[in-house]
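One structure is given here, and the rest of the page talks about it.
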Amino acid sequence: MPKSSDAAAAGAAPKKAKLSVRNLWKVYGDDPGGVTSGDFNGMTLDQQLAHVRAADHFVAAANVSFDVPEGEIFVIMGLSGSGKSTVLRCISRLVDPTMGEVFLDGDDLLKANARALIELRRRKMGMVFQDFGLLPHLDVVQNVAFPLKAQRRPREERRAHAREMIELVGLKGKESAYPHELSGGQQQRVGIARSLAANPELWFLDEPFSALDPLIRSQMQDEFLRLQKQLSKTIVFVTHDFLEALKLADKICIMKDGQIVQIGTPAEIVLHPADAYVREFIGDVPLANVLAAEDVMGPAHDDGKDHPQVPRRTILDEAIKLFDDHTVTVDVIDDAGRVIGALDPLTVIRSLYHDDVVADI
Amino acid sequence: MSRAAKRTLRSAQMAWPWLALIAATAILVLMRNSTPAIVGYPDGWTIPLAEWTNIAADWFIERAQPFFRAIGRGLDAAFSLMQIILTDLPWLAVCAIVALVAWQGGGRRLAIIAVIGLLYILISGYWIPAMNTLSLVFVALPLAVGLGFGLGYLGYRSAKARVIIMPLLDLMQTVPAFAYLIPILLLFGFGPVVGLVASVIFAAPPMVRNTVLGFQSIPPAILESARMSGLTGWQRFRWAELPTAMRQMLIGINQTTMATLSMVIIAAIIGGFEDIGWEVLSSMRKAQFGQSLMSGLVIVVMAILLDRITAAFAARQLPTASFEGLPPLRFFGLLAIVAVVAIAAGYAVPGLWIWPEWVVWSPAQDINGAVDDFLIRYGGAMDSLKNGALYYVLLPVKIGLERAIVPFTWGVTFAPGAKVAYWAVAALACLAGFATGKWRAGIAVVIGMAFVYFGATGLPWLSVLGFATLLAWQLGGWKLAAFVGGSTAFLLVNGIWSQAMLSVYLCSVAVFTCILLGGLLGIWGASSKWVSGAIRPVNDMLQTLPQFVLLIPALMLFQVGDFTALLAIVAYAIVPMIRYTEFGLRSVSPTLIDAGISSGCSPWQLFWQVRLPQAMPQILVGLNQTVLYALGMLVIAALVGTTGLGQLIFLALGRADAGAGLVAGLGMALLAMIVDRILQAVMRRRL
């Protein structure tokens, strides 16, 4: 799978964060500002939550912090009501957070005034919505060119650019169709093209594929990965579908009741779930499709013999095909071809069955 | 305690106030001969609200009149200009322009309909009055639309404004327009401007509602994507919100157009100026049915054309619209060319400028003759139909069986034995209700039978107040009870109680007729595509027609009186009942019907136990509308000599008595709102 490598696992220096969210709170109620003022910052998180709830306020996002390095796909995963969409809307300032900081290249987005915010959205952000949000009275080209119209670019230029975007998302030939003439998948391609039209640095996607049929959804996910390989945007992607998160993410952030439960790479999450809540998601995940060779390898098995070799990001489903009656060791190699570890059948089976199952055998 | 016992206890707790009230009513009824104040609210207990209103109004009018007269002069100028354009242009040009606009909206079919309609107006000889009315519509319409849009957008943007605007709309639409014609009359003086201002007020509400609805139903994703595209506030409004809300707003414009036309025509009552409403009204007053029918048809034609053309423009906004018309610039270019050519043709051939007299054909006299012949031949049958309805339905509800059953009407006297038997049946039905656990039905039977026995005008007012308030309290809590009690008290202390009960009488007969006929038609329509297809255009027609056109045929056949009014009210108010019954029954989910069938329901059971209960919420909405329509039509029906609040308003209009008119109008609105709020409480409880 075309994933960029996880910084820590590769042992490289951590990349500088493009987008940083620090202690973000969103509280709904009669007086959110009042409830979170005073000695609120001096309390522990549990005290804070109790304090807000005692005042009959609702916590949509509680003390959310994370970093997204440039060019990475950061997936926020949670069930409905977990606060995932709220966090995304706070970052894009569609919703004003109650407290906290959001840094883009070191500048606090929350301090931007109305004029600056419009400028930021025109130049630096693009967003895709679950219900597409296409304007029914505009055709495909006009919809895609819409953000450029907002920037008052000349008509011919924006139409030409919109055509490029339409071709990029594979809708060539549908330029003059209206939204109601398109299928759901095609409409979302228009939504994607529109969000990319202004060539943003940050790309926000709010459950973009949830309204689509499973087969179309899978196609769109592949398409999304293809686009990202080409474009290398910094992405925040919200979904309630754990498998989608595993398939797309460089990092996953699992949320529940407005709080972050766990942040980690897909492999970290499936191998070391933070708690029972996360473990429940993993229950029916086909792990062989999620884990890569390097996620489960042991130390290199140096017995002087030649073993079959797999690149470190090979998924287990592929790697285990190399085991046979005569082969009990498969070497894992890094990008330079050096052996960095080895797979043996027992560890592979253990990892696929969540350890505890194997322990019973 | 068992659950059944608990339930019995609870229903007993709810039932005893009713029983107590029934007992109190019985006592009041027994005492009514010695104390007349029990049935007729005593004059000494009233407050002169109408007079106070007049004093306040006089004070205000004296100071505000110059200001309003100035506005009036402005409107008058706009109207005169429009009148000059429409009446002085060659008819050929006007027809060509209308036809072209119709074509732009709905294609060739609509253009042909427009030409045929306009030809009828020309041939029937009512071209000038029609154009005069149309000038009023064209001046009032932009004002109503602008006002409606402004208020609607304000209501969308600000929740605080919405709290004020929405009840105001209820008032603007439920207070009969005649009631506020009087203050307008006093402020603006006589003349077409009064009708113009009244129609702006009357026609703005649908635009407000549709504007609010249109903006509120913009999908959130569109608003968010507009913000994320970096649109400024103005750009968001202009490029995203307005176009998305436009379709709903065009529906609003369509409704506002129809309301404007309707009101402009009704305003003829306060004095005409050779407009088509005046033609109808004056020929109706002179009992020239042929003329009133011919001119009424002109109104019908105008209504249909305005409706179809505005509706076509609204439909064109649908993304699925097949017809697009010309691009705006080319369309206006073509329009200008056609107008110039038509005017030039008018210069060349005078007959194309002013419609030649010899092509006018009016069969009015022939119709008058035919109606006379018909009445001479079938008058007996018509009379017995009318008298039957009058003696056996209208009178009992109006004055009660105890006074309606006399030898002159029923051919028998209401013997004491029969009276005892009547009440015994009521008591038994009530007991049976309680015994089977359906105490509500039992109570309803007793109250219903008492209503028919004493008549709307014979009930003790204290009981009516009590029953209405109790019903409101049990359905909607103390807030609703306070509203209903307060509104009823308003009718009492203003001394308009007897008129209000007369209105209740005519209205309730009309509504029951609508429930019966409309319900049956709706059920029939829901079961047969063919029937449904046949009913729909009739319904559309009845709804688009300005209300008082409906009086004409009823008046032709049955002369003035309650029965004529009843027919006109039913014709107008039955439409929502039919529509919502059919719609409710049709929209029962197929899964439920399948489930019913597979549970072994007979068609009869399927209807009563599955489809009807499921359709009930929709039917209640229809019923609510029917009541509001009936009350609205009641005022118009007062033209044909009914008594009640409507008559009171007309009398006030004649005397330019703003206070009396407003009090009666408000009374009417309160009646409508009582029924509306109670029905809404019923609907909420069913959900």
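The values are calculated or read from the model by the stated rules, or taken from the named source; none is laboratory data. Small disclaimer: the values here were computed from a predicted structure and weren't measured. Here Cβ is always computed from backbone atoms with ideal geometry, including for glycine, and neighbour counts include all displayed protein chains.
Residue by residue, here is whether (1) surrounded by 22 or more Cβ atoms within 10 Å (Cβ to Cβ); (2) free of Cβ contacts under 8 Å to residues at least 24 places away in the same chain; (3) in contact with a helix residue (DSSP H, G or I) (Cβ under 8 Å, 6 or more places away or on another chain); (4) closer than 30 Å to residue B:354 by Cα holds:
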site	(1), (2), (3), (4)
B:82	no, no, yes, yes
B:100	no, no, yes, yes
B:129	yes, no, yes, yes
B:153	no, no, yes, no
Selection from segment B:514-552 of residues that are in contact (Cβ under 8 Å) with a residue 60 or more places away in the chain and β-branched (Val, Ile, Thr): B:515, B:523, B:544, B:549, B:552
Lone unmet requirement of (1) in a helix (DSSP H, G or I); (2) of a type in the set (A, V, I, L, M, F, W, C); (3) crowded, with 17+ Cβ neighbours inside 10 Å for residue B:231: (1)
Of all residues making up segment B:563-611, the number that are touching a residue at least 12 places away in the same chain (Cβ under 8 Å) and not in a helix (DSSP H, G or I): 3
Any pair with Cβ under 7 angstrom, 6 or more apart, that starts in segment A:313-330 at a residue that is modelled with pLDDT of 85 or more and ends at one that is of a type in the set (Phe, Trp, Tyr): A:330/A:323
Residue check, residue B:25 within 30 Å of residue B:186 (Cα to Cα), buried (at least 18 other Cβ atoms within 10 Å of the Cβ) and not basic (Lys, Arg): no
Selection count where residues are surrounded by 11 or more Cβ atoms within 10 Å (Cβ to Cβ), on the phi > 0 side of the Ramachandran plot and either part of a helix (DSSP H, G or I) or at pLDDT 90 or above (or both), scope segment A:12-65: 2
So residue B:263, is it buried (at least 24 other Cβ atoms within 10 Å of the Cβ) and within 11 Å of chain A (Cβ to nearest Cβ): no
Residues located in segment B:453-500, provided they are assigned to a helix (DSSP H, G or I), within 28 Å of the chain's Cα centre (by Cα) and within 18 Å of residue B:27 (Cα to Cα): B:461, B:464, B:465, B:467
Tally of residues being under 18 Å from residue A:73 (Cβ atoms) and either touching a residue at least 24 places away in the same chain (Cβ under 8 Å) or buried (at least 19 other Cβ atoms within 10 Å of the Cβ) (or both) across segment A:208-225: 10
Failed item, numbered, when residue B:585 is tested on (1) in contact with a Pro (Cβ under 9 Å, 6 or more places away or on another chain); (2) over 30 Å from residue B:391 (Cα atoms): (1)
Residue list for segment A:159-182, filter: free of Cβ contacts under 8 Å to residues at least 12 places away in the same chain and either within 28 Å of the chain's Cα centre (by Cα) or closer than 21 Å to residue A:198 by Cβ (or both): A:160, A:164, A:167, A:172
The lone exception for residue B:214 - which of (1) part of a helix (DSSP H, G or I); (2) within 14 Å of chain A (Cβ to nearest Cβ); (3) modelled with pLDDT under 90 it fails: (3)
Residue check for residue B:540: among the acidic types (Asp, Glu) and touching a Ser or Thr at 6+ places or on another chain (Cβ under 7 Å): no
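Looking only at segment B:76-113, filter to residues that are of a type in the set (Gly, Ala, Ser) and in contact with a Lys or Arg (Cβ under 8 Å, 6 or more places away or on another chain); which one of those is farthest from residue B:314 (Cα to Cα)? Write out each step before concluding.
Restricting attention to segment B:76-113, the residues satisfying the condition of being of a type in the set (Gly, Ala, Ser) are B:77-78, B:80, B:93, B:96, B:99, B:102, B:105-107, B:111.
Next, from what is left, pick out any that are in contact with a Lys or Arg (Cβ under 8 Å, 6 or more places away or on another chain): B:102, B:105-106.
Values: B:102: 12, B:105: 9, B:106: 10 Å.
Applying the filter and picking the extreme gives B:102.
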Test result for residue A:313, under 19 Å from residue A:266 (Cα atoms) and either over 32 Å from the mean Cα position of the chain (by Cα) or assigned to a loop (DSSP other than H, G, I, E, B) (or both): yes
Residue A:189, sole failed condition from (1) within 14 Å of another protein chain (Cβ to nearest Cβ); (2) in a helix (DSSP H, G or I); (3) crowded, with 17+ Cβ neighbours inside 10 Å; (4) of a type outside the set (Val, Ile, Thr): (1)
Criterion (more than 7 Å from chain A (Cβ to nearest Cβ), in a helix (DSSP H, G or I), within 30 Å of residue B:546 (Cα to Cα) and of a type in the set (D, E, K, R)) met by exactly one of B:238, B:247: B:247
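In segment B:410-438, what residues are touching an Asp or Glu at 6+ places or on another chain (Cβ under 9 Å) and modelled with pLDDT under 85? Write out each step before concluding.
Restricting attention to segment B:410-438, the residues satisfying the condition of being touching an Asp or Glu at 6+ places or on another chain (Cβ under 9 Å) are B:414, B:419.
Listed by number, the list holds a single entry, B:414.
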Close pairs (9 angstrom Cβ cut-off, 6 or more residues apart or separate chains): farther than 14 Å from residue A:148 by Cβ and more than 7 Å from chain A (Cβ to nearest Cβ) in segment B:219-235, of a type in the set (A, V, I, L, M) and not in a loop (DSSP other than H, G, I, E, B) anywhere: B:223/B:240; B:233/A:114
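Using the structure shown, decide if residue B:86 is modelled with pLDDT of 85 or more and closer than 26 Å to residue B:323 by Cβ. Please lay out each step first, then the result.
Details: modelled with pLDDT of 85 or more: yes; closer than 26 Å to residue B:323 by Cβ: no.
For residue B:86, the condition - modelled with pLDDT of 85 or more and closer than 26 Å to residue B:323 by Cβ - is not met.
Here's the yes/no breakdown for (1) without any contact (Cβ under 8 Å) to a residue 60 or more places away in the chain; (2) under 35 Å from the mean Cα position of the chain (by Cα); (3) within 30 Å of residue B:567 (Cβ to Cβ); (4) outside any helix (DSSP H, G or I):
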site: B:379; (1), (2), (3), (4): yes, yes, yes, no
site: B:393; (1), (2), (3), (4): no, yes, yes, no
site: B:402; (1), (2), (3), (4): yes, yes, yes, no
site: B:414; (1), (2), (3), (4): yes, no, yes, yes
site: B:421; (1), (2), (3), (4): yes, no, no, no
site: B:429; (1), (2), (3), (4): yes, no, no, no
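Conditions (1) away from chain B (no Cβ under 11 Å); (2) in a helix (DSSP H, G or I), marked per residue:
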position: A:159; (1), (2): yes, yes
position: A:167; (1), (2): yes, yes
position: A:173; (1), (2): yes, no
position: A:185; (1), (2): yes, yes
position: A:211; (1), (2): no, no
